[in-house]
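Worksheet: one structure, shown below.
The values are calculated or read from the model by the stated rules, or taken from the named source; none is laboratory data. None of these values were measured; they are calculated from a predicted model. Cβ: placed from backbone, ideal geometry, glycine included. Neighbour counts: every protein chain shown. With ligands, DNA and RNA removed, areas are computed over all heavy atoms of the protein, side chains included. Shrake-Rupley method; radii C 1.70, N 1.55, O 1.52, S 1.80 Å.
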Amino acid sequence: MRWERRVRHAGIPWLVRGVAGINVASVVLVSLFLAGMGQGSFGERMQYIHANPAAWNVSWTAALLAALGLVFIFTLLMLYLDRSWRPLLQLAWMIGVVGAVAWVLHDWLQIMMMPVLSLLFLEVPTSRLADYIIQWEKLLVQLAGVFSCTCFAISGLMFTGVMFRTRSIPKTMAIYSLVLWTLMLAASLSVRWVHAMLPWVLAGSLLLLVPWYWQLSNVLYRPTSK
(Lines give C-alpha, C1' and ligand atoms only; values in the text may rest on other atoms or scores of the structure.)
Protein backbone atom coordinates (compact mmCIF):
# COMPACT_ATOMS: atom_id res chain seq x y z
CA MET A 1 0.00 0.00 0.00
CA ARG A 2 2.88 2.38 0.72
CA TRP A 3 4.06 2.27 -2.91
CA GLU A 4 0.53 2.84 -4.22
CA ARG A 5 0.29 6.02 -2.13
CA ARG A 6 3.66 7.21 -3.42
CA VAL A 7 2.43 6.94 -7.02
CA ARG A 8 -0.10 9.64 -6.17
CA HIS A 9 2.54 12.04 -4.82
CA ALA A 10 2.41 15.51 -6.32
CA GLY A 11 5.99 15.24 -7.62
CA ILE A 12 5.21 12.29 -9.86
CA PRO A 13 3.83 14.38 -12.79
CA TRP A 14 7.07 16.32 -13.02
CA LEU A 15 9.13 13.14 -13.01
CA VAL A 16 6.98 11.78 -15.84
CA ARG A 17 7.37 15.05 -17.76
CA GLY A 18 11.10 14.83 -17.15
CA VAL A 19 11.10 11.44 -18.87
CA ALA A 20 9.19 13.03 -21.75
CA GLY A 21 11.89 15.69 -21.94
CA ILE A 22 14.58 13.01 -22.16
CA ASN A 23 12.67 11.47 -25.05
CA VAL A 24 12.52 14.78 -26.89
CA ALA A 25 16.27 15.23 -26.46
CA SER A 26 16.83 11.66 -27.68
CA VAL A 27 14.70 12.25 -30.79
CA VAL A 28 16.69 15.38 -31.64
CA LEU A 29 20.05 13.65 -31.15
CA VAL A 30 19.07 10.50 -33.05
CA SER A 31 17.63 12.55 -35.92
CA LEU A 32 20.73 14.73 -36.14
CA PHE A 33 23.48 12.16 -35.70
CA LEU A 34 22.17 8.62 -36.25
CA ALA A 35 19.22 8.67 -38.66
CA GLY A 36 21.38 9.00 -41.77
CA MET A 37 23.84 6.28 -40.82
CA GLY A 38 22.21 3.60 -42.89
CA GLN A 39 22.36 5.59 -46.14
CA GLY A 40 26.13 5.71 -46.73
CA SER A 41 28.60 2.99 -47.58
CA PHE A 42 30.28 0.87 -44.94
CA GLY A 43 33.46 2.91 -45.15
CA GLU A 44 31.52 6.16 -44.77
CA ARG A 45 29.82 4.82 -41.65
CA MET A 46 33.15 3.88 -40.10
CA GLN A 47 34.61 7.27 -40.98
CA TYR A 48 31.60 9.05 -39.48
CA ILE A 49 31.80 7.13 -36.18
CA HIS A 50 35.53 7.80 -35.92
CA ALA A 51 35.18 11.49 -36.78
CA ASN A 52 32.21 12.16 -34.44
CA PRO A 53 32.78 10.16 -31.24
CA ALA A 54 31.10 12.73 -28.97
CA ALA A 55 27.92 12.92 -31.08
CA TRP A 56 27.85 9.12 -31.37
CA ASN A 57 28.26 8.51 -27.64
CA VAL A 58 25.88 11.25 -26.51
CA SER A 59 23.15 10.06 -28.90
CA TRP A 60 23.28 6.48 -27.68
CA THR A 61 23.53 7.60 -24.05
CA ALA A 62 20.35 9.63 -24.47
CA ALA A 63 18.61 6.60 -25.99
CA LEU A 64 19.81 4.50 -23.03
CA LEU A 65 18.33 7.01 -20.57
CA ALA A 66 15.06 6.98 -22.52
CA ALA A 67 14.85 3.20 -22.11
CA LEU A 68 15.42 3.49 -18.36
CA GLY A 69 12.75 6.19 -18.27
CA LEU A 70 10.29 3.82 -19.92
CA VAL A 71 10.96 1.24 -17.20
CA PHE A 72 10.19 3.95 -14.64
CA ILE A 73 6.86 4.66 -16.37
CA PHE A 74 6.03 0.95 -16.51
CA THR A 75 6.74 0.75 -12.77
CA LEU A 76 4.31 3.59 -12.08
CA LEU A 77 1.64 1.90 -14.20
CA MET A 78 2.12 -1.39 -12.37
CA LEU A 79 1.50 0.41 -9.08
CA TYR A 80 -1.33 2.62 -10.31
CA LEU A 81 -3.57 0.48 -12.52
CA ASP A 82 -6.39 -1.76 -11.30
CA ARG A 83 -4.85 -4.01 -8.63
CA SER A 84 -7.16 -6.90 -9.45
CA TRP A 85 -4.96 -7.37 -12.54
CA ARG A 86 -1.72 -7.35 -10.53
CA PRO A 87 -0.30 -10.69 -11.87
CA LEU A 88 -0.74 -9.47 -15.46
CA LEU A 89 0.79 -6.10 -14.58
CA GLN A 90 3.78 -7.76 -12.95
CA LEU A 91 4.30 -9.96 -16.01
CA ALA A 92 4.08 -6.89 -18.28
CA TRP A 93 6.63 -5.10 -16.09
CA MET A 94 9.05 -8.02 -16.21
CA ILE A 95 8.81 -8.20 -20.02
CA GLY A 96 9.50 -4.47 -20.15
CA VAL A 97 12.55 -4.87 -17.90
CA VAL A 98 13.90 -7.65 -20.13
CA GLY A 99 13.52 -5.31 -23.11
CA ALA A 100 15.28 -2.51 -21.22
CA VAL A 101 18.20 -4.77 -20.28
CA ALA A 102 18.62 -5.71 -23.94
CA TRP A 103 18.38 -2.03 -24.93
CA VAL A 104 21.00 -0.96 -22.38
CA LEU A 105 23.31 -3.75 -23.53
CA HIS A 106 22.86 -2.62 -27.14
CA ASP A 107 23.61 1.03 -26.37
CA TRP A 108 26.60 0.12 -24.20
CA LEU A 109 28.06 -1.99 -27.01
CA GLN A 110 27.46 0.83 -29.49
CA ILE A 111 29.32 3.26 -27.23
CA MET A 112 32.18 1.00 -26.15
CA MET A 113 32.77 -1.20 -29.19
CA MET A 114 31.86 0.56 -32.43
CA PRO A 115 34.29 3.52 -32.10
CA VAL A 116 37.13 1.06 -31.48
CA LEU A 117 36.15 -1.12 -34.43
CA SER A 118 35.77 1.89 -36.73
CA LEU A 119 39.27 3.08 -35.85
CA LEU A 120 40.67 -0.40 -36.37
CA PHE A 121 39.02 -0.64 -39.79
CA LEU A 122 40.33 2.75 -40.88
CA GLU A 123 43.84 1.66 -39.89
CA VAL A 124 43.56 -1.90 -41.28
CA PRO A 125 40.77 -1.89 -43.92
CA THR A 126 40.53 -5.61 -44.67
CA SER A 127 37.48 -7.40 -46.03
CA ARG A 128 37.59 -9.89 -43.17
CA LEU A 129 37.40 -7.11 -40.58
CA ALA A 130 34.60 -5.42 -42.53
CA ASP A 131 32.59 -8.65 -42.54
CA TYR A 132 33.18 -9.00 -38.79
CA ILE A 133 31.90 -5.48 -38.10
CA ILE A 134 28.91 -5.95 -40.39
CA GLN A 135 27.92 -9.09 -38.51
CA TRP A 136 28.13 -7.14 -35.25
CA GLU A 137 25.96 -4.40 -36.73
CA LYS A 138 23.33 -6.93 -37.75
CA LEU A 139 23.39 -8.50 -34.29
CA LEU A 140 22.97 -5.12 -32.60
CA VAL A 141 20.05 -4.25 -34.89
CA GLN A 142 18.33 -7.52 -33.97
CA LEU A 143 19.01 -6.93 -30.27
CA ALA A 144 17.54 -3.42 -30.07
CA GLY A 145 15.33 -2.98 -33.12
CA VAL A 146 13.66 -6.38 -32.97
CA PHE A 147 14.01 -8.02 -29.54
CA SER A 148 14.01 -4.99 -27.26
CA CYS A 149 11.32 -3.01 -29.11
CA THR A 150 9.15 -6.13 -29.35
CA CYS A 151 9.43 -6.61 -25.59
CA PHE A 152 8.47 -2.97 -25.03
CA ALA A 153 5.52 -3.26 -27.41
CA ILE A 154 4.20 -6.47 -25.81
CA SER A 155 4.60 -4.98 -22.34
CA GLY A 156 2.88 -1.77 -23.43
CA LEU A 157 -0.03 -3.67 -24.97
CA MET A 158 -0.49 -5.64 -21.74
CA PHE A 159 -0.56 -2.43 -19.70
CA THR A 160 -2.98 -0.98 -22.25
CA GLY A 161 -5.36 -3.88 -21.73
CA VAL A 162 -5.53 -3.06 -18.02
CA MET A 163 -5.93 0.65 -18.84
CA PHE A 164 -9.24 -0.17 -20.49
CA ARG A 165 -10.30 -1.84 -17.21
CA THR A 166 -9.16 1.04 -14.97
CA ARG A 167 -11.87 3.67 -14.44
CA SER A 168 -9.51 6.58 -13.79
CA ILE A 169 -7.82 6.14 -17.18
CA PRO A 170 -9.61 8.10 -19.97
CA LYS A 171 -10.69 5.94 -22.88
CA THR A 172 -9.01 8.30 -25.34
CA MET A 173 -5.69 7.71 -23.59
CA ALA A 174 -6.18 3.94 -23.60
CA ILE A 175 -6.98 4.05 -27.33
CA TYR A 176 -3.88 6.15 -28.04
CA SER A 177 -1.83 3.68 -26.02
CA LEU A 178 -3.23 0.81 -28.09
CA VAL A 179 -2.32 2.56 -31.34
CA LEU A 180 1.13 3.51 -30.03
CA TRP A 181 2.20 0.02 -28.99
CA THR A 182 0.65 -1.62 -32.04
CA LEU A 183 2.66 0.69 -34.29
CA MET A 184 5.83 0.00 -32.31
CA LEU A 185 5.28 -3.75 -32.61
CA ALA A 186 4.77 -3.50 -36.36
CA ALA A 187 7.82 -1.24 -36.74
CA SER A 188 10.05 -3.53 -34.67
CA LEU A 189 9.10 -6.52 -36.79
CA SER A 190 9.85 -4.58 -39.98
CA VAL A 191 13.38 -3.78 -38.74
CA ARG A 192 14.15 -7.49 -38.94
CA TRP A 193 14.20 -7.25 -42.74
CA VAL A 194 15.22 -3.60 -43.23
CA HIS A 195 18.13 -2.90 -40.88
CA ALA A 196 18.54 0.71 -42.02
CA MET A 197 15.15 1.51 -40.45
CA LEU A 198 16.50 1.14 -36.89
CA PRO A 199 17.33 4.85 -36.29
CA TRP A 200 13.98 5.90 -37.77
CA VAL A 201 12.06 3.37 -35.69
CA LEU A 202 13.99 4.52 -32.63
CA ALA A 203 13.29 8.21 -33.24
CA GLY A 204 9.64 7.61 -34.18
CA SER A 205 8.96 5.45 -31.13
CA LEU A 206 10.55 7.97 -28.76
CA LEU A 207 8.54 10.78 -30.33
CA LEU A 208 5.21 8.94 -30.09
CA LEU A 209 5.88 8.25 -26.41
CA VAL A 210 6.10 11.96 -25.56
CA PRO A 211 2.32 12.76 -25.69
CA TRP A 212 1.63 9.41 -23.96
CA TYR A 213 3.92 10.43 -21.10
CA TRP A 214 2.31 13.85 -20.95
CA GLN A 215 -1.15 12.36 -20.61
CA LEU A 216 0.13 10.03 -17.91
CA SER A 217 1.58 12.95 -15.99
CA ASN A 218 -1.96 14.34 -15.63
CA VAL A 219 -3.59 10.99 -14.83
CA LEU A 220 -1.14 9.66 -12.25
CA TYR A 221 -1.46 12.66 -9.93
CA ARG A 222 -4.03 12.39 -7.16
CA PRO A 223 -4.11 14.81 -4.21
CA THR A 224 -2.86 13.21 -0.99
CA SER A 225 -4.31 15.75 1.46
CA LYS A 226 -7.78 14.18 1.59
For region 140-200 and region 21-74, distance of Cα centres in Å
20 Å
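Scan region 90-176 for trypsin sites (Lys or Arg not before Pro) in coil per DSSP, keeping those whose Cβ has at most 11 other Cβ atoms within 10 Å, and list them by number. All intermediate terms of the calculation are to be shown ahead of the outcome.
Values: sites: R128, K138, R165, R167, K171; in loops: R165, R167.
Filter output for region 90-176: R167.
Starting from the Kirkwood radius over alpha-carbon pairs of region 46-121, derive D by Stokes-Einstein at 10 °C in a medium of 1.306 mPa s and give it in µm² s⁻¹.
Here the translational diffusion coefficient equals 113 µm²/s.
Please report, as a whole percent, how much of the solvent-accessible surface of the chain comes from carbon and sulfur atoms (probe radius 1.4 Å). Please list the in-between numbers first.
Working: 7980 of 11280 Å².
C and S atoms contribute 71 percent here.
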When all alpha-carbon pairs of region 139-186 are counted, what percent fall beyond 13 Å?
55 percent
Go through W93, W60 and list them by solvent-accessible area, largest first, probe radius 1.4 Å.
W93, W60
Counting every Cα pair in region 88-178, what percent are over 17 Å apart?
60 percent
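I'd like to check one number: the per residue accessible area of the chain, probe 1.4 Å, reported in Å² as a whole number.
Values: 11280 Å² over 226 residues.
Accessible area per residue: 50 Å².
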Dipole of the chain, positive direction: furthest Cα of I22, G161, S190, with charges on the beta-carbon
G161
May I ask which residue of P115, T126, M173 lies farthest towards the positive end of the charge dipole of region 92-186, with charges of +1 (Lys, Arg) and -1 (Asp, Glu) on Cβ and the Cα centre as origin?
M173
Residue-wise HN-Hα coupling along region 58-65, computed from phi with Karplus coefficients 6.51, -1.76, 1.60 (Hz; x: Gly, Pro)
5, 4, 6, 5, 4, 5, 4, 5
Treating the angle as unsigned and between 0 and 90°, give the value, to the nearest 10°, between the Cα long axis of helix 171-191 and the longest Cα principal axis of the chain.
20 degrees
Taking the chain, the equivalent ellipsoid from its C-alpha gyration tensor has semi-axes in Å, biggest first, of 37, 17, 14
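So how do S190, S84, S118 rank on accessible area, 1.4 Å probe, biggest first, that is with the largest at the start? It would help to have the intermediate numbers written out before the result.
Working: S190 35, S84 90, S118 0 Å².
So the residues, ranked largest to smallest area, are S84, S190, S118.
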